[in-house]
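For reference, the structure discussed in these notes is given below.
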């Protein structure tokens, strides 16, 4: 079971990193358009639509990746103090009540939306129109991948309820080196002997 969960994590990670390259394309497109507009005096009417579609694709396709890393914003003022089983119970209820109906509706409605757009060969409303229907298919695609990752998270909640601890996730790069940050906070400054000593929480309790 754990191998299957990690396999879905890796799939979501692959999709997220693959579509992350749209950020590089978006940067190049904007830079080129700024140069073309102000240096060459040759703006392009279609660039704004292309920027919106690229950004929308990046935003939509990053959902499953972020969920696989437990990176979505949550109101964890009290959540972090709960035991794993309590956290899992809360997550499971929220997944069943809000996540599943919402993502299923997104995927189903997005598929209908994309099919209608394809049927009329929908284009953007600009002087230099771009085909819009390929972008519309990003909606059901991202919804389906997000739904798959959500089912994995539901299974993780059930496992945590049974075992009392959260199962492992697929590792990835961290924005902050947490271990190094903890060492810095717990370290004793030696440059200034008069500076206040930083005492770890464990020592504070012993000295209290």
Exercise. In region 21-54, how many residues are part of a loop (DSSP other than H, G, I, E, B) and out of contact with any helix residue (DSSP H, G or I) (no Cβ under 7 Å at 6 or more places or on another chain)?
Worked result: 5
Exercise. Just one of 118, 161, 94, 106 is buried (at least 17 other Cβ atoms within 10 Å of the Cβ) and either at pLDDT 95 or above or over 17 Å from residue 9 (Cβ atoms) (or both); which is it?
Worked result: 106
Exercise. In region 69-76, is there at least one residue being surrounded by 14 or more Cβ atoms within 10 Å (Cβ to Cβ), within 18 Å of residue 145 (Cα to Cα) and out of contact with any strand residue (DSSP E or B) (no Cβ under 9 Å at 6 or more places or on another chain)?
Worked result: yes
Problem set entry | Residue that is surrounded by the fewest Cβ atoms within 10 Å (Cβ to Cβ) [pool: residues in region 121-158 that are out of contact with any strand residue (DSSP E or B) (no Cβ under 7 Å at 6 or more places or on another chain), in contact (Cβ under 8 Å) with a residue 60 or more places away in the chain and not in a helix (DSSP H, G or I)] | 127
For this session: Could you check how many residues of region 12-48 are surrounded by 15 or more Cβ atoms within 10 Å (Cβ to Cβ), without any contact (Cβ under 8 Å) to a residue 60 or more places away in the chain and under 30 Å from residue 169 (Cα atoms)?
Result: 3
For this session: Would you mind stating whether residue 154 is under 30 Å from residue 50 (Cα atoms) and in contact with a helix residue (DSSP H, G or I) (Cβ under 6 Å, 6 or more places away or on another chain)?
Result: no
Exercise. Before we move on, is residue 66 surrounded by 12 or more Cβ atoms within 10 Å (Cβ to Cβ), touching a helix residue (DSSP H, G or I) at 6+ places or on another chain (Cβ under 7 Å) and in a helix (DSSP H, G or I)?
Worked result: no
Problem set entry | Check on residue 57, free of Cβ contacts under 8 Å to residues at least 40 places away in the same chain, crowded, with 18+ Cβ neighbours inside 10 Å and either part of a loop (DSSP other than H, G, I, E, B) or within 17 Å of the chain's Cα centre (by Cα) (or both) | no
Exercise. Can we say residue 4 is in a helix (DSSP H, G or I), exposed (fewer than 14 other Cβ atoms within 10 Å of the Cβ) and out of contact with any strand residue (DSSP E or B) (no Cβ under 8 Å at 6 or more places or on another chain)?
Worked result: yes
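The values are calculated or read from the model by the stated rules, or taken from the named source; none is laboratory data. Fair warning: this is a prediction, and the values are worked out from it, not measured in the lab. Note that each Cβ is placed from the backbone with ideal geometry, even for glycine, and that neighbours are counted across all protein chains shown.
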